[in-house]
1. Can you tell me the FRET efficiency between T16 and Q60 if r is taken as the Cβ-Cβ distance and R0 is 25 Å, rounded to the nearest 0.05?
2. Among residues other than A14 whose Cβ falls under 15 Å from its Cβ, what is the net charge (Lys/Arg +1, Asp/Glu -1)?
3. Using a Förster radius of 41 Å, what is the FRET efficiency between Y45 and Y172 based on their Cβ-Cβ separation? Nearest 0.05, please.
4. At q = 0.14, 0.24, 0.30 Å⁻¹, what log₁₀ I(q)/I(0) does a Debye calculation on the Cα points of the range 41-96 give, no solvent, two decimals?
5. On average, how much accessible surface per residue is there in the range 1-97, in Å², for a 1.4 Å probe, leaving out ligands, DNA and RNA?
6. Are there chymotrypsin sites (Phe, Trp or Tyr not before Pro) in the range 1-79 that DSSP marks as loop and that have at most 16 other Cβ atoms within 10 Å, and which are they?
7. Heavy atoms of the protein only, probe of 1.4 Å, neighbouring chains included. What is the accessible area of R120 in Å², nearest 10?
8. Where the accessible area of the range 9-130 is counted over protein heavy atoms with a 1.4 Å probe, how much of it, in %, is carbon and sulfur?
Amino acid sequence: RKDILSNEEIGTLAKTPCQNISIKKAFIFSCCTGLRFCDIKELRYSDIDFTSEKITIDQQKTGKAVIIDLNSTAQKILGKPGNPKELVFSLPTYWGCAKTVKAWVKRAGIEKNITWHCARHSFAVNLLTSPQRPDIKTVSSTLGHTSLKHTEKYTRVVDELKKKAVNALPDYDI
């Protein structure tokens, strides 16, 4: 089971210092785009259309093309266009990044087991629970899933969150 970061917790992380600014930016970028670590590590400026504010990549895991709209936070993280052949983020190995993220999350006071892939899961759940409530097909397309069944696991998390919210209401004496 993967822990999910709420939008508030992502905001807390964004304000918390991290020993590697590139890892911090890349992780928050993953929370805003749903991109996997392997896709972020290989992301080049040539994959980004700064005019239409979109990323177009062939995902490493599926080989499937995915187009991702960039929200304002993702755009700020990217900044100005760089050399098209250049990597957007200069990242160490996956394990180096994972170790840094773990320490950073702890420093932020978030008591969850957060891995890099939790950023992708958080993106999906935060989309599904947003006031706009996009349908599952939209979320599936944004994540580049090959089938809706891969996206359905996030609806279980949303159902759990709704149950927790309802059960958090106080008991009323009548």
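The values are calculated or read from the model by the stated rules, or taken from the named source; none is laboratory data. It should be emphasised that the depicted structure is a prediction, and the values quoted were computed from it without experimental measurement. Counting neighbours? That spans all protein chains shown, and the Cβs are built from the backbone with ideal geometry, glycine included. The accessibility values were calculated without ligands, DNA or RNA, using every heavy atom of the protein model including side chains. Shrake-Rupley method; radii C 1.70, N 1.55, O 1.52, S 1.80 Å.
1. On the way: r = 29 Å, r/R0 = 1.16.
With a Förster radius of 25 Å, E is 0.30.
2. Working: positive: K15, K24, K25, K76, R107; negative: E8, E9.
Net charge in that neighbourhood comes out at +3.
3. Values: r = 57 Å, r/R0 = 1.39.
So the FRET efficiency works out to roughly 0.10.
4. Here log10 of I(q) over I(0) equals -0.40, -1.07, -1.29.
5. On the way: 5400 Å² over 97 residues.
Per residue, the range 1-97 has 56 Å² of solvent-accessible surface.
6. On the way: sites: F27, F29, F37, Y45, F50; in loops: F50.
Sparse-neighbourhood loop chymotrypsin sites (Phe, Trp or Tyr not before Pro): F50.
7. Estimated to the nearest 10 Å², R120 gives 10 Å².
8. Numbers: 3260 of 6160 Å².
Carbon-and-sulfur percentage of accessible area, whole number: 53.
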